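Everything on this sheet refers to the single structure shown next.
The values are calculated or read from the model by the stated rules, or taken from the named source; none is laboratory data. What you see is a predicted model, and the numbers here were worked out from it, not measured in a lab. We place every Cβ from the backbone using ideal geometry, glycine too, and count neighbours over all the protein chains shown.
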Amino acid sequence: MWPWSHLAVGYVAFSAFVRIALRRRPSDRAAVVLAVATQLPDLIDKPLAWQFGLLSNGVGAAHSLIVGVPVALAVAVGLRFRGQAEFGAAVAIGHVIHVLGDILFAGLFGRPPVLPSFLWPVYAPPVSASAPPGLGAKTLQLLLDSRALLGGEVGRTYFLAQGLFLCGTAALWLRDGKPGFALPRSVWRSK
């Protein structure tokens, strides 16, 4: 999944949780924590694979159902005990939704078996002996590969559904009062 998809799915789940469990809208700071949490697995694992060649495919400890997800849940529990339940929920929901989204995406468009890739360190595909492509080159390659998905019915349906979902998420975010939008400006002004 692309970063904007992780953010959108994470935001919808988080907004629903905050509205149901806390009976209010997401706060600015929690929305920023959520935004980071929805990207964190890729910010850790992708450079390790694509830039440094330490992982084979960009799915390692941070994406792991054995390592990354339990660590995120432990951080969430710790934040809850410190009276920061909304931040804890943002970390847990953002991270877990990211991993589940990648599993779903890999199931739709990847080569089987999908699940073992998310069981690091129990399953770790061998690292290539060749030099890693570099973060920029690999990202460009994936963007170009995404265009190829549009050639098939499943790919076109996926991209249409994704576009509609992104629009719906934007509408929800606006209805929630654009949480997180004002925070960077307020931090900038305070300096």
| message | Looking only at the stretch 43-92, how many residues end up being among the small types (Gly, Ala, Ser) and not in a loop (DSSP other than H, G, I, E, B)? | response | 13
| field | Number of the exception - residue 150 against (1) in contact with a Phe, Trp or Tyr (Cβ under 7 Å, 6 or more places away or on another chain); (2) within 27 Å of residue 73 (Cα to Cα); (3) exposed (fewer than 13 other Cβ atoms within 10 Å of the Cβ) | value | (2)
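Being closer than 25 Å to residue 11 by Cα, touching a Leu at 6+ places or on another chain (Cβ under 6 Å) and either exposed (fewer than 12 other Cβ atoms within 10 Å of the Cβ) or of a type in the set (Phe, Trp, Tyr) (or both) narrows it down to one of 105, 165, 118, 109, so name that one.
On the way: 105 fails: touching a Leu at 6+ places or on another chain (Cβ under 6 Å); 165 fails: touching a Leu at 6+ places or on another chain (Cβ under 6 Å); 109 fails: touching a Leu at 6+ places or on another chain (Cβ under 6 Å).
Answer to the selection: 118.
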| request: Among residues belonging to the stretch 166-186 that are in a helix (DSSP H, G or I) and of a type in the set (D, E, K, R), point out the one that is nearest to the chain's Cα centre (by Cα). | output: 175
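Residue 18 - would you say it is in contact with a Ser or Thr (Cβ under 9 Å, 6 or more places away or on another chain), buried (at least 21 other Cβ atoms within 10 Å of the Cβ) and part of a loop (DSSP other than H, G, I, E, B)? First the steps, then the outcome.
Working: in contact with a Ser or Thr (Cβ under 9 Å, 6 or more places away or on another chain): yes; buried (at least 21 other Cβ atoms within 10 Å of the Cβ): yes; part of a loop (DSSP other than H, G, I, E, B): no.
Spelling it out, it is not the case that residue 18 is in contact with a Ser or Thr (Cβ under 9 Å, 6 or more places away or on another chain), buried (at least 21 other Cβ atoms within 10 Å of the Cβ) and part of a loop (DSSP other than H, G, I, E, B).
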| query | Does the stretch 24-42 include one or more residues that are buried (at least 22 other Cβ atoms within 10 Å of the Cβ), within 13 Å of the chain's Cα centre (by Cα), β-branched (Val, Ile, Thr) and not in a helix (DSSP H, G or I)? | reply | no
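Which residues, taken from the stretch 1-15, are of a type in the set (Val, Ile, Thr) and either under 8 Å from the mean Cα position of the chain (by Cα) or buried (at least 18 other Cβ atoms within 10 Å of the Cβ) (or both)?
To start, the set of residues in the stretch 1-15 that are of a type in the set (Val, Ile, Thr) comprises 9, 12.
9, the sole residue that qualifies.
With the condition kept exactly as written, say whether any residue in the stretch 123-131 is of a type outside the set (Lys, Arg) and assigned to a helix (DSSP H, G or I). Please lay out each step first, then the result.
We begin by selecting, within the stretch 123-131, every residue of a type outside the set (Lys, Arg); these are 123-131.
Checking which are assigned to a helix (DSSP H, G or I) leaves us with none.
No, the stretch 123-131 contains no residue that is of a type outside the set (Lys, Arg) and assigned to a helix (DSSP H, G or I).
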| query | Considering the stretch 56-71 alone, what residues qualify as being touching a residue at least 12 places away in the same chain (Cβ under 8 Å) and either among the acidic types (Asp, Glu) or surrounded by fewer than 23 Cβ atoms within 10 Å (Cβ to Cβ) (or both)? | reply | 56, 57, 58, 61, 65, 66, 67, 69
| note | Of the residues in the stretch 72-129 that are closer than 28 Å to residue 52 by Cβ and charged (D, E, K, R), the one that is modelled with the lowest pLDDT is 111
| query | Which of the residues that make up the stretch 1-55 are in contact (Cβ under 8 Å) with a residue 24 or more places away in the chain and of a type in the set (Asp, Glu)? | reply | 28, 42
| If you go through the stretch 118-174, how many residues are touching a residue at least 40 places away in the same chain (Cβ under 8 Å) and among the basic types (Lys, Arg)? | 1
| request: Evaluate the following for residue 94: is it within 17 Å of the chain's Cα centre (by Cα), exposed (fewer than 13 other Cβ atoms within 10 Å of the Cβ) and not aromatic (Phe, Trp, Tyr)? | output: no
| said: Can you say whether residue 147 is in a helix (DSSP H, G or I) and over 26 Å from residue 45 (Cβ atoms), as far as the supplied structure shows? | reply: no
